[in-house]
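The values are calculated or read from the model by the stated rules, or taken from the named source; none is laboratory data. What you see is a predicted model, and the numbers here were worked out from it, not measured in a lab. Using ideal geometry, Cβ is built from the backbone for each residue, glycine included, and neighbour counts are taken over all protein chains shown.
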Amino acid sequence: MNAPADISHPAGMPPPAGMPPDDPDAGDRGGAYPFASAIPFAAHAAVAFAGVGWLDHLIASLAPQAVKQIGTSYLIQYYHVPAAISMYLFFLLCAVAGIVVLATGSPVWDRRAHALGLTALLLNAIVLGTGMVWGKTAWGVWWDWADPRLLTSAVAFLMYLGYSMLQDALRDDPRRAKFAAIYGIVALLNLPLVHYAIKWFGTASHPADVKMKTPEISMTLSVAMSVFPVFWLLVYRWVHDRLALAARAETVMARLRRLEEDVR
Amino acid sequence: MTGWRAFSTVVRWDVAREMRRRSTLAAMAATALVVLFVLSFAVDARRADDPRIRAGLLWVTWILAGAVGAERAFRGGRDAMTDGFLLAPIPRASLFWGRTVSTFLFTTAMSALSIPVFLVLFDASVPSAGLAWLAAVSLLALLGMSALGVLLASMTSSVRGGDVLLRLLMLPVLLPAVAAAVTGTGQLLGGQDPGIRPAALLLAFDLTFLGAGHLLFDHAAEDRT
Amino acid sequence: MSAPAVSARGLAKRFGPREALRGLTFDAEPGRCLAVVGHNGSGKTTLLRILATLSRADAGELSVAGRSLPKESVAVRARIGVVLDDALLPSDLSLAEGLRMHADLHGVPSPEARIAELCERFGLAPRQDDPVRTFSRGMLQRAALCRALLHAPELLLLDEPSNGLDASGTALLDAEIRAHCARGGAAVLVTHDLERVAACADRALHLRSGRIDADGPAADVIRALRGGAAA
Ligand SMILES: Nc1ncnc2c1ncn2[C@@H]1O[C@H](COP(=O)(O)OP(=O)(O)O)[C@@H](O)[C@H]1O
Ligand SMILES: [Mg+2]
């Protein structure tokens with residue numbers, strides 16, 4: 001994995017000696033954020049997906065004979081369910097990190113919250129994708145208005161897309177950490193309301209689960225569920241380290257600028 | 001100054017300012033009128049006799065017009081009204097409650113103004129039996145919308161491109177309230193009994209975001225530049 | 001009155017990677033005017049907004065008007081009068097109404113008389129029933145001073161208050177600051193106008209890139225700055 005780290009953004013380079021810049025704070029540091037530059041993000045997604053595919057392969061070989069006979073489409077559940085569970089876990093952690101940010105102003109927890117939110121968004125996309133594949137095989141349509149869980153994750157996706165857009169729009173704003181934390185909390189608080197709204201007022205007609213409960217399936221699923229979050233914690237670390245690297249680069253640049261100012 | 005006095009002072013002066021210029025109400029009413037007209041044209045009002053669709057159109061109108069109102073409550077980072085209030089010796093929470101209530105009053109006025117237009121365009125009538133329920137469901141939804149709008153707009157209004165951002169952030173969060181309000185309104189318009197669920201969900205929505213605003217507004221209001 | 005009007009210990013504030021304030025330690029005494037001078041971008045406005053509770057320091061200890069921040073911010077806001085670059089009066093309301101709004105928020109006793117007195121003193125009486133949006137820059141600055149003085153604050157926090165003022169307005173400003181200090185009040189005057197410092201201030205802080213470069217009697221700091229500029 002060799003994604004561009006964006007530390008050597010040319011606009012952020014110190015100006016040549018003897019030529020002080022008009023505004024020492026000029027210069028676009030946008031490229032320092034992974035979400036702003038799509039390449040590392042896409043690379044990230046690819047790695048994640050490959051990892052999941054491999055996992056699924058592994059799990060499929062463990063799957064009980066009964067399931068294999070139904071067809072591999074059922075195996076998508078082994079992606080879908082653990083991904084959904086990890087996703088909700090990440091939503092929760094993102095809001096908790098946000099509360100710490102509001103209470104302490106800690107930049108460390110801000111970065112954690114940011115990385116958790118972005119990873120949750122990626123998970124959310126996978127949940128939606130696998131949910132749609134499952135819907136296609138089970139009910140014959142890609143988008144099933146009658147599947148309450150699919151609708152809930154779609155609303156969550158819109159909210160966390162908003163979260164990442166807020167992070168991005170406030171890139172250079174000193175209030176970014178606080179505002180993102182607030183929205184992360186608001187989004188989490190809304191999830192139970194979304195759940196009940198869709199359950200009560202949606203056009204849902206299918207039962208939420210069509211799981212076959214044999215001991216083997218439950219066992220396989222629980223293996224998947226214990227491995228999946230660990231894998232996604234690794235992905236989270238990767239996103240987090242990207243953000244940390246970008247922040248370090250900014251701090252170094254700011255220090256250089258300050259040195260220049262002090263020398264002048 | 002006690003919280004209650006601070007709250008009522010905020011409401012009183014927000015309303016006084018609005019009465020002077022009526023700019024927020026006018027902007028909201030105009031938005032409501034345009035949206036309602038275009039929508040009734042788009043879906044062919046003569047054939048939209050499903051009460052749920054009618055209710056949906058009404059709520060889309062109110063949400064879009066309400067977002068205009070929420071934005072206006074915190075117009076621009078250089079909003080003298082807001083910064084002046086931030087320097088007053090009142091708790092931030094009082095400012096949140098006052099702003100929420102004044103926004104609620106404006107959106108309610110806008111909604112009330114748009115109902116006759118809606119009834120005329122769709123040749124609809126409100127069954128008198130469920131009128132109290134209809135009002136209760138609508139008011140609960142508008143209150144929750146106002147609270148959420150004030151909390152989010154206090155952040156986005158001082159950001160460039162904030163009005164677009166506000167809608168992106170607000171609409172998905174509003175979904176539960178919209179679903180409940182549309183279902184409740186639709187059933188009442190169709191002469192059915194919606195039961196307790198829409199009102200219960202709206203109440204939960206209101207309590208959630210009034211509580212969130214009460215606790216978080218302090219952070220949202222700080223460091224306006 | 002012996003407690004300092006402002007007591008700052010190691011005040012720091014950063015905007016992202018940029019450090020706007022880097023550990024400021026100073027006091028402002030009651031009955032004195034403290035001037036804060038420095039180049040554009042040296043952190044003067046940032047400091048003033050923190051003192052005015054509109055912003056929060058990342059580190060350091062701060063008490064304003066004898067109350068610690070950020071804990072007792074409501075009590076602090078009751079005791080300070082603030083002038084920022086915006087007049088902070090609703091532009092659709094008349095000056096008298098806008099001042100009335102602030103008087104209500106501050107719980108000023110007999111507000112009508114107080115507003116009439118201030119408008120008279122700042123030469124705004126003939127225009128006090130006009131909407132604030134029709135005011136000129138200098139009139140807005142006078143209106144902002146009225147607003148800041150309305151509730152007879154203990155501490156004045158002024159950010160470039162002489163901006164846009166004509167000669168008579170400037171003289172009025174100097175006189176107000178001196179009268180306020182003579183009554184035992186304190187003032188923090190942010191300005192790049194050394195004339196104002198000479199006319200009003202007892203002490204001056206020179207900020208440079210968010211640090212205190214010089215802190216001493218106003219006359220000494222002015223001399224050093226003028227000398228530095230000449231050299
Ligand atoms: N809202 C803000 N966002 C980012 N940087 C800011 C913000 N406000 C001030 N700064 C930075 O802080 C430094 C000090 O600014 P300021 O206190 O306004 O200076 P002064 O009032 O002395 O001219 C400047 O480098 C400025 O760019
Ligand atoms: Mg300034």
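For region C:10-33, which residues satisfy the criterion of being more than 15 Å from ligand 1 (Cβ to nearest atom) and within 25 Å of C:P161 (Cα to Cα)?
Selection gives C:T25, C:F26, C:D27, C:A28, C:E29, C:P30, C:G31, C:R32, C:C33.
Consider B:A147 against the criteria (1) buried (at least 24 other Cβ atoms within 10 Å of the Cβ); (2) closer than 30 Å to A:L170 by Cα; (3) more than 12 Å from every other protein chain (Cβ to nearest Cβ): it satisfies all of them except one. Which criterion is unmet?
(3)
Can you report the number of residues in region C:157-171 which are away from ligand 2 (no atom under 16 Å from the Cβ) and within 13 Å of chain B (Cβ to nearest Cβ)? Lay out the reasoning, then the answer.
Residues of region C:157-171 away from ligand 2 (no atom under 16 Å from the Cβ): C:165-171.
Within this subset, residues satisfying the condition of being within 13 Å of chain B (Cβ to nearest Cβ) are none.
Result for region C:157-171: 0.
In region C:64-79, what residues are of a type outside the set (V, I, T) and without any contact (Cβ under 8 Å) to a residue 60 or more places away in the chain? Talk me through it step by step, then tell me what you get.
The initial filter retains those residues of region C:64-79 that are of a type outside the set (V, I, T), namely C:65-73, C:75, C:77-79.
Correct list: C:R67, C:S68, C:L69, C:P70, C:K71, C:E72, C:S73, C:A75, C:R77.
Could you check C:E29 against (1) within 11 Å of ligand 2 (Cβ to nearest atom); (2) under 22 Å from C:G216 (Cβ atoms) and say which number it fails?
For C:E29, the exception is condition (1).
Please specify each residue of region C:101-132 satisfying the condition of being in a helix (DSSP H, G or I), surrounded by fewer than 18 Cβ atoms within 10 Å (Cβ to Cβ) and out of contact with any helix residue (DSSP H, G or I) (no Cβ under 6 Å at 6 or more places or on another chain). Step through it out loud before you land on a result.
Here is the first cut: in region C:101-132, the residues in a helix (DSSP H, G or I) are C:101-106, C:111-121, C:125-127, C:132.
Next, only the ones that are surrounded by fewer than 18 Cβ atoms within 10 Å (Cβ to Cβ) stay: C:112-113, C:116-117, C:120-121, C:125-126.
Residues satisfying the conditions are C:E112, C:A113, C:A116, C:E117, C:E120, C:R121, C:P126.
Of A:A224, A:A177, which residue is modelled with pLDDT of 80 or more, touching a helix residue (DSSP H, G or I) at 6+ places or on another chain (Cβ under 6 Å) and not acidic (D, E)? Step through it out loud before you land on a result.
On the way: A:A224 fails: modelled with pLDDT of 80 or more.
Just one listed residue meets the conditions, A:A177.
Output yes when any residue across region C:119-126 is farther than 15 Å from B:G84 by Cα and touching a strand residue (DSSP E or B) at 6+ places or on another chain (Cβ under 9 Å), and no when none is.
Here is the first cut: in region C:119-126, the ones farther than 15 Å from B:G84 by Cα are C:119-126.
Add one more test, that the residue is touching a strand residue (DSSP E or B) at 6+ places or on another chain (Cβ under 9 Å), and what stays is none.
No.
So if I check each of B:F209, B:F217, which one is assigned to a helix (DSSP H, G or I) and facing chain A (nearest Cβ under 8 Å)? Walk me through it before giving the result.
Details: B:F217 fails: facing chain A (nearest Cβ under 8 Å).
After ruling out the rest, the residue left standing is B:F209.
Which residues, taken from region C:32-79, are more than 13 Å from ligand 2 (Cβ to nearest atom) and in contact with a Gly (Cβ under 6 Å, 6 or more places away or on another chain)?
C:G60, the sole residue that qualifies.
Which strands (runs of 3 or more DSSP E) does region C:179-226 wholly contain that include 1 or more residues that are crowded, with 21+ Cβ neighbours inside 10 Å?
Once the strands (runs of 3 or more DSSP E) in region C:179-226 are filtered for at least 1 residues that are crowded, with 21+ Cβ neighbours inside 10 Å, what remains is C:186-190, C:203-208.
Can you find a residue in region A:131-148 that is within 14 Å of another protein chain (Cβ to nearest Cβ) and touching a helix residue (DSSP H, G or I) at 6+ places or on another chain (Cβ under 6 Å)?
Here is the first cut: in region A:131-148, the ones within 14 Å of another protein chain (Cβ to nearest Cβ) are A:145, A:148.
Pick out the ones that are also touching a helix residue (DSSP H, G or I) at 6+ places or on another chain (Cβ under 6 Å) and you get A:148.
Yes, region A:131-148 contains a residue that is within 14 Å of another protein chain (Cβ to nearest Cβ) and touching a helix residue (DSSP H, G or I) at 6+ places or on another chain (Cβ under 6 Å).
Testing C:E117 on (1) assigned by TED's automatic domain parsing to the domain that holds C:M101; (2) within 16 Å of ligand 2 (Cβ to nearest atom); (3) not hydroxyl-bearing (S, T, Y), one condition comes back false. Which one is that?
(2)
Any idea which residue in region C:142-178 is surrounded by the most Cβ atoms within 10 Å (Cβ to Cβ), counting only those that are polar (S, T, N, Q) and away from ligand 1 (no atom under 16 Å from the Cβ)? Give the steps one after another, and end with the answer.
We begin by selecting, within region C:142-178, every residue polar (S, T, N, Q); these are C:162-163, C:168, C:170.
Subsequent filtering for residues that are away from ligand 1 (no atom under 16 Å from the Cβ) retains C:168, C:170.
Values: C:S168: 10, C:T170: 18.
Out of the qualifying residues, it is C:T170.
Which residues, counting only those in region A:152-197, are more than 22 Å from B:V150 (Cα to Cα) and more than 7 Å from chain B (Cβ to nearest Cβ)?
A:T152, A:S153, A:A154, A:F157, A:R171, A:D172, A:H195 - these are the residues of region A:152-197 that are more than 22 Å from B:V150 (Cα to Cα) and more than 7 Å from chain B (Cβ to nearest Cβ).
Need a quick list: helices (runs of 4 or more DSSP H) entirely within region B:60-162 having at least 1 residues that are at pLDDT 90 or above and hydroxyl-bearing (S, T, Y). Lay out the reasoning, then the answer.
Working: elements: B:80-86, B:92-121, B:131-156.
Hits in region B:60-162: B:92-121, B:131-156.
Across region B:187-198, which residue is nearest to the other protein chains (Cβ to nearest Cβ) among those that are in a helix (DSSP H, G or I) and touching a Gly at 6+ places or on another chain (Cβ under 7 Å)?
Restricting to residues being in a helix (DSSP H, G or I) and touching a Gly at 6+ places or on another chain (Cβ under 7 Å), the top hit is B:P198.
Name the strands (runs of 3 or more DSSP E) wholly inside region C:15-99 in which the number of residues that are facing chain B (nearest Cβ under 9 Å) is 1 or more. Please lay out each step first, then the result.
Working: elements: C:18-28, C:33-38, C:59-64, C:67-69, C:80-83.
Passing ranges, in order: C:80-83.
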